[in-house]
Amino acid sequence: MVQVKIYGIRERLGAVRETLSDIIHSCLTKALGIPEEKRFQRFIGLDKAEFVFPADRSEHYTIVEIMLLEGRSAETKKNLIRLLYEEAGACGLTENDLEIMLFEVPRGHWGIRGKPADELR
């Protein structure tokens, strides 16, 4: 199970939403084996005044937060980050304008289909 939040300036995100969504999901599929039909993403577009970031970032600055069930190896997670940086250029994101955070959640802390995830089979 993986949930993704993508933050950026509203107009910029709107212009690249479909491409970026495809890139993120493709990377999750390649790196983590997420099934093609299991796409869980939320694009959160902010007004310029609501999104404060350092002057060395451009208006393309984008934050990708990926929440996943714990248990994957460090190398697998690093591979996902590398893939995202490699592919993000297709929608105009530079390495300086993309930040990626992975958050691991214990299975018992995630509710899916009416149960804690550690009770699912």
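Since every read-out is calculated from the coordinates, none of them should be taken as a lab result. Model, not experiment: these values are computed from the prediction. Glycine gets a Cβ as well: all are built from the backbone with ideal geometry, and neighbour counts include every protein chain shown.
Things worth noting here:
- Of the residues in segment 50-58, none is at negative phi, among the polar types (S, T, N, Q) and within 16 Å of the chain's Cα centre (by Cα).
- Number of the condition not met by Val64 [criteria: (1) within 14 Å of the chain's Cα centre (by Cα); (2) over 21 Å from Ser21 (Cβ atoms)]: (2)
- Looking only at residues in segment 77-121 that are outside any helix (DSSP H, G or I) and among the aromatic types (Phe, Trp, Tyr), the one that is nearest to Thr29 (Cα to Cα) is Phe103.
- Qualifying positions in segment 37-49 - in a loop (DSSP other than H, G, I, E, B) and in contact with a strand residue (DSSP E or B) (Cβ under 8 Å, 6 or more places away or on another chain): Lys38, Phe40, Asp47
- Pairing each residue of segment 19-41 that is within 12 Å of Glu87 (Cβ to Cβ) with any residue that is loosely packed, with under 15 Cβ neighbours inside 10 Å, provided the two are 6+ apart or on different chains, yields C-beta distances under 8 Å for Thr19/Ala90; Ile23/Ala90; His25/Glu36; Thr29/Pro35; Thr29/Glu36; Ala31/Thr76.
- Inclusion of Glu59 among residues that are out of contact with any Leu (no Cβ under 6 Å at 6 or more places or on another chain) and without any contact (Cβ under 8 Å) to a residue 12 or more places away in the chain is not warranted.
- Looking across Ile34, Ile6, one residue alone is part of a loop (DSSP other than H, G, I, E, B) and among the hydrophobic types (A, V, I, L, M, F, W, C). It is Ile34.
- Cβ-Cβ under 8 Å pairs, at least 6 apart or on other chains, segment 67-92 side within 17 Å of Lys5 (Cβ to Cβ) and without any contact (Cβ under 8 Å) to a residue 60 or more places away in the chain, far side among the acidic types (Asp, Glu) and crowded, with 16+ Cβ neighbours inside 10 Å: none
- Filtering segment 67-76 to residues that are assigned to a loop (DSSP other than H, G, I, E, B) and either within 13 Å of the chain's Cα centre (by Cα) or surrounded by fewer than 14 Cβ atoms within 10 Å (Cβ to Cβ) (or both) leaves Glu70, Gly71, Ser73.
- Members of segment 58-88 found to be out of contact with any strand residue (DSSP E or B) (no Cβ under 9 Å at 6 or more places or on another chain) and closer than 19 Å to Gly14 by Cα, listed by number: Ser58, Glu87
- Qualifying residue in segment 98-105 (condition: more than 16 Å from the chain's Cα centre (by Cα) and crowded, with 17+ Cβ neighbours inside 10 Å): no
- Some residue of segment 39-60 being closer than 25 Å to Arg121 by Cα and loosely packed, with under 15 Cβ neighbours inside 10 Å: yes
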